[in-house]
1. Just one of (1) surrounded by fewer than 23 Cβ atoms within 10 Å (Cβ to Cβ); (2) more than 27 Å from residue 76 (Cα to Cα); (3) in contact with a strand residue (DSSP E or B) (Cβ under 8 Å, 6 or more places away or on another chain) trips up residue 577, so point out which.
2. Scan the stretch 458-472 and give yes if some residue there is within 16 Å of ligand 1 (Cβ to nearest atom), within 20 Å of residue 195 (Cα to Cα), at pLDDT below 95 and surrounded by fewer than 16 Cβ atoms within 10 Å (Cβ to Cβ), otherwise no.
3. Enumerate the strands (runs of 3 or more DSSP E) found wholly within the stretch 340-459, keeping only those where 1 or more residues are away from ligand 2 (no atom under 16 Å from the Cβ).
4. With the stretch 726-798 as the region, which helices (runs of 4 or more DSSP H) entirely inside it contain at least 2 residues that are modelled with pLDDT of 90 or more and touching a strand residue (DSSP E or B) at 6+ places or on another chain (Cβ under 6 Å)?
5. So, in the stretch 389-442, of the ones that are within 16 Å of ligand 1 (Cβ to nearest atom) and under 30 Å from residue 161 (Cα atoms), which residue ends up surrounded by the fewest Cβ atoms within 10 Å (Cβ to Cβ)?
6. Can you find a residue in the stretch 346-361 that is at pLDDT 95 or above and farther than 25 Å from residue 308 by Cβ?
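The values are calculated or read from the model by the stated rules, or taken from the named source; none is laboratory data. Please read all numbers here as calculations on a predicted model, not as lab measurements. Cβ placement follows ideal geometry from the backbone for every residue including glycine, while neighbour counts extend to all protein chains displayed.
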Ligand code: ANZ
Ligand code: ZN
């Protein structure tokens, strides 16, 4: 506070809740979409679990702060919020508490919405959207039918995790150490018909698009790239001895063909199924299937196999290789079959060791093959005409030789699989497909959408509810009008969240998924969310947007121009979570400190992308700072009619830095900058005209980070915050500063120069200083060391 003449204002206590109540109504600055010069700012919408945690508070504060910043810079902003409202937790809660999932969900939404308001997180609630409402999922059904018509959706048999006790399909994360999470039963693999979206059709686009995402974190781009996982390799076809069938393998190491000592197929490969006609083989195959289907799960488990008593013939060497089924061969990668090369692949080495298969080495190396595989490429040995070639030469030569025999070729393979979107669950969007005994699969007529999820249900029947509801199940075929049945699977909730950013723009529109007038509002300008969504969610959203682009609903291929991945919130170094019992809830903090202190702490404690360590002292500190701000602005002295140029210069340098930090999304240092501005004010003995101007700058830069107090204090001094302050670059450029001059490391004087002056200009100024000149003594300058803003050291020869 300015210490000269105290004003006559009576000192009031800092009361954040009171301040919030009188400023709140003026903080909403969101507009409708479609405005010129608009920023579409979107934090990932939440799953309405009912628990509003610090991670939410962080995500939604970051977005709000950027929103206010852009608003002050003359942009209109669109920042909607909605709810990712379908999914398993609601269904589980429904079973547990005997409550309808919708009731549970809506109650949670209500609670969480209150938290948003309490924390001053002002979203455009006119666009509130819930994925469990028919007006939302109608367009999802429509979208799926368009994908089906474009040959991007299909049904096929796929292996799922099956809980034999609960008689239900389990998601990978519901399989814990090979057991069902609820029943504890050993999980089996089971094949059922499921719906897929053909993400692989866009594999190359998804990969090449990554290079256009220059405002995405490189880490996230790398994760996307790895997930798509393009591999260069060879397809090789082996004849099955004594039959006219063949088995195809995909290998990235065609150079090791002569090191193959068996062919392994997946337990559900046609050859294994055929062999299972023999009851004893069928029995042996069973244990290969009693494990989860996720790659991570498969990687962990012991590698086991069964000899199928058949042989494959190598197309190049004509060697006979035994065919086995093995649990670690995935049916849906490559061709569901591999050549076993124990000497050069670690998994294969383990397998061969267990079953006493040969380990022929074909790459030259000093290596103990009894212990491990040798993985590096090199020079071929024991490989007939290919001996002496490098691995890469051999791959090319072998591919030519295979091609000549029509037994293989070079092949690009993607790790990316098609996206399984079927869930055998009630609480999800019904898949709008009909099964007719005459016409097969027929999409529902678009005019009949939405296919509503029946709401009058009970969970007693346990398994698939939709199957047990004749009103839902029975319908007529849209093609032939005969009686037919509906698909009873519902969509994976990842589909719900893969296009919501587009729908927000047209929320409530009953004619279009996205009004053509609004499609230029895509892409989202700034998308903010947790790193845990770096792979699947972003990939699915990118895929769907590429499809929207294809059918003319989006102007761009990519949905999100800039991506900010926020770090985790930690306490004592561990993730803040209910299971660890180290939760600090925003609502508890709010009761004590109010919204502004929480927002300030969240922003100040760490850069957005790094993890944030919770600290009680930290929030206390913010609270104290706000108290001082409140006190300063509610106890104002009349300004002295003088200026303080040095304080003005300082304020301009800080303002410039804050502005740069906003552009770099370094929101933590913008808070530090605001505090420095405040220090200029409180460190000054007098309140001058200069300080009056700095006060306004301070309150303006506070508005995005602590909006309530900023408005309250600006009211107190009769100032209206309405645009970002322009930087007085003149003053910064023409500022004079003192630079210390050394000769051979010894201080010889100071010179006044321009703050922006170059090394040469400072050297000239130094050379016109008589004392410095004396010490230079016409000697030759050997080196000049310049520390801008501080020092110039001239090194001369002795
Ligand atoms: C022979 C070989 C020799 C292999 C060697 C590797 C090293 P990426 O790079 O991820 O594409 N593979 C192929 N299909 C498979 C399936 N369905 N399930 C499990 N494994 C499969 O991996 C390609 C390699 O993964 C292929 O190259 C194959 O093993 C294995 F020294 O073939 B390789
Ligand atoms: Zn029909």
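1. (3) is the only condition that residue 577 fails.
2. Keep residues of the stretch 458-472 that are within 16 Å of ligand 1 (Cβ to nearest atom), which gives none.
No; the residues of the stretch 458-472 include none that is within 16 Å of ligand 1 (Cβ to nearest atom), within 20 Å of residue 195 (Cα to Cα), at pLDDT below 95 and surrounded by fewer than 16 Cβ atoms within 10 Å (Cβ to Cβ).
3. 408-414
4. On the way: elements: 729-734, 759-767, 770-776.
Counting at least 2 such residues, we get 759-767, 770-776.
5. Per the stated criteria, the residue is 412.
6. Checking the stretch 346-361: at least one residue is at pLDDT 95 or above and farther than 25 Å from residue 308 by Cβ.
Residues checked against (1) closer than 22 Å to residue 494 by Cβ; (2) at pLDDT below 95; (3) out of contact with any helix residue (DSSP H, G or I) (no Cβ under 7 Å at 6 or more places or on another chain):
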| position | (1), (2), (3) |
| --- | --- |
| 44 | yes, no, no |
| 65 | no, no, no |
| 68 | no, no, no |
| 91 | yes, yes, no |
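Residue by residue, here is whether (1) in contact with a helix residue (DSSP H, G or I) (Cβ under 7 Å, 6 or more places away or on another chain); (2) surrounded by 23 or more Cβ atoms within 10 Å (Cβ to Cβ); (3) part of a helix (DSSP H, G or I) holds:
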position	(1), (2), (3)
105	yes, yes, yes
109	no, no, yes
115	yes, no, yes
126	no, no, yes
151	no, no, no
158	no, no, no
